[in-house]
Amino acid sequence: MSDTGMNLSPVQEFYKGQTIFITGGTGFMGKVLIEKLLYSCSELKEILILMRPKRGKVPEARLEDMFKLPIFNRIKDEKPEVLKKLVPVQGDVTFDCLGLSGEQMTRVCRDVSIVFHCAATLKLEANLKDAIDMNTTGTKRVLDLCKKFENLKALVHLSTAFCNCDQEVMREKVYDCPHNPDDIMRMAEWMDAKALDNITPGLLTPHPNTYTYSKRLAEILVQREWPNMPVAIARPSIVSPSWEEPVQGWVDSLNGPIGVMVGGGKGVIRSMLCDPDNLSEVIPVDIAINSLICIGWRIGTWTETARPKNVPVFNITCCESKKVTWRFVLDEGKQLCYKYPFEAGLWYPDGDMTTSKFVHTYKLIFYHWLPAYLIDFLMLCFGQKRFMCRIQTRISQGLELLQFFTTRKWDFRTEQFYAVGKQLSDRDLEIFSFTVLMDEIDLLEYMKRSLLGGRQYCLKEPLTSLPKARMQLRVLYCLDRFMKFLLLGLFFWAIYRIFDLKTFFENRSGDNLGYLKAN
């Protein structure tokens, strides 16, 4: 729903004429945030997006490439003029003052009134030095820059709902950390990466990875600025493909659940360590982005008397009525993969999940690694480039990191988050709905959209290839059943030979015959 320019809602009115500064705008959530602001808050003055040169392309060229993505189609069709309001600013959160030049610095400090800090390294396996520099020190650099702004109305810091994983109940507040973020930032600055890696396991406990640890430290930095700066912390859970906006099922990376779904659908992932009775903690990206925009409006319109005592924190998680078990996701996901298969699958998609590490390890050896070595051996024999073991290494690392989140129960409290929805006008609920829309989502339809989104936008497999993919799936099914019967037959044959069952049965038969003759 776009604005008319004549009848603006309260949220649209807040963003009217504002200059917005976004870090991490080229990421998954960042692109959806930019699109939604341009489409539904078109009366804003401009959006300054922090970008660095990458792969030989300057920010302007990267911006042109971004506009070619399907998520910007509705803007190009309905209001192409607003794309001119998106302005690239060359910089990087890993540099002091974000690497801004003198002229850019002056412009940003003078004009910007709303900030969305989304830049972060999302690599769960990143070393501590890189994670601290990007996620923690990077946040400090953004905060230091915002202190110079002449008219700052709101700063929304994007965190994660899992940054306090040592808590049984995760409330909407900043929790203390055993380590002082200033000490950790100084240590990461002067200590070389190898030495830091040696002490990382002791520092991280009880965190499973450097991502949640560095994000927790960053929240403490944001909390310190609350008395003097209009800041808020937004904590989405696992962000998944879009439900409706800007296009159904939009996703641009194979991180998280969509990667597992694609890996399972391709027959590459055959086993996953997961408690099937635990509830999945995912949030569609468009719901999360609507939430960020409304949170910016909420803290930007607080009066001095209405400001809370502590820094506002919002756990952006799915409502309880829409949470389903991982078993439901697996079972229904399988059926969808059979109905809408991927092209050129490695094997028939028939994986499973287990809570037994022994069973999981057994399946990894026989269903993941042995086929990988066999395929690479055949590729070597035919003079082709080997790839399967490399892929399995990445898959195994990803599954190992994900299992921390899929084998635990999570209890997120969301009173403050859903309170924002209750304060929206009917018009804003229509444009930026997130609490109401969650109740309207059909889970099976959402899973279908997510699967097709991963198929089209990540794997670049058009829907026109579905008939061909279904034919390939039937071939894989026959091959899978043949191999299972063959292996089962070999197993019984081996038992027969090892225990010399032929002699055993002959002796028993002779004994029985002798007994019958004697009687």
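The values are calculated or read from the model by the stated rules, or taken from the named source; none is laboratory data. Computed from a predicted structure; not experimentally measured. Reconstructed Cβ throughout: ideal geometry from the backbone, glycine too, with neighbour counts over all protein chains shown. These area figures cover heavy atoms from the full protein model, side chains too; ligands, DNA and RNA do not enter into them. Shrake-Rupley method; radii C 1.70, N 1.55, O 1.52, S 1.80 Å.
Over the chain, accessible surface divided per residue gives 49 Å², non-protein components excluded, 1.4 Å probe.
Take the residue pairs 16/448; 357/484; 147/309 and return only those whose Cα atoms are more than 31 Å apart. In this structure, 16/448 lie more than 31 Å apart at Cα. Stokes-Einstein diffusion of segment 17-175 at 37 °C, 0.692 mPa s viscosity, Kirkwood radius from Cα pairs, rounded to a whole number: 196 µm²/s. If you put +1 on each Lys and Arg Cβ and -1 on each Asp and Glu Cβ, how big is the dipole of the chain around its Cα centre, in Debye rounded to 20? Around 1320 debye, computed over the chain.
The C-alpha radius of gyration of segment 89-220, expressed as a fraction of 2.2 N^0.38 Å, stands at 1.11. Take 244-257, 51-64 and order them by the average number of nearby Cβ atoms within 10 Å per residue, most first; the result is 244-257, 51-64. Distance between the C-alpha centres of segment 311-379 and segment 455-469: 19 Å, rounded to the whole angstrom. Peptides 40-50, 441-451 ordered by packing proxy, namely the average of other Cβ atoms within 10 Å per residue, highest first: 40-50, 441-451.
Sorting 198-206, 285-293 by average packing, meaning the other beta carbons within 10 Å per residue, from highest down gives 285-293, 198-206. Taking the charge dipole of the chain about its Cα centre, with +1 at Lys and Arg Cβ atoms and -1 at Asp and Glu Cβ atoms, the residue from 299, 374, 496 reaching farthest to the positive side is 496. With contacts taken as Cα pairs under 8 Å and at least 6 residues apart, the chain reaches a relative contact order of 16 percent.
Here is the list for segment 276-345: GluC sites (Glu not before Pro) lying in DSSP coil, each with at most 11 other C-beta atoms within 10 angstrom of its C-beta, are 304. Projected over all directions and averaged, the alpha-carbon convex hull of segment 184-236 occupies 4.7 nm². Placing one equal scatterer on every Cα of segment 234-304 and applying the Debye formula, the log10 ratio I(q)/I(0) at q = 0.12, 0.14 Å⁻¹ is -0.46, -0.58. Counting only Cα atoms, the size of the chain along its three principal axes is 109, 51, 49 Å, in decreasing order. Its Cα gyration tensor gives segment 264-404 an equivalent ellipsoid; the semi-axes, largest first and in whole Å, are 42, 18, 16. Centroid-to-centroid, using Cα positions, segment 141-155 and segment 89-133 are 12 Å apart. Per atom type, the chain shows carbon and sulfur on 56% of its accessible surface, probed at 1.4 Å.
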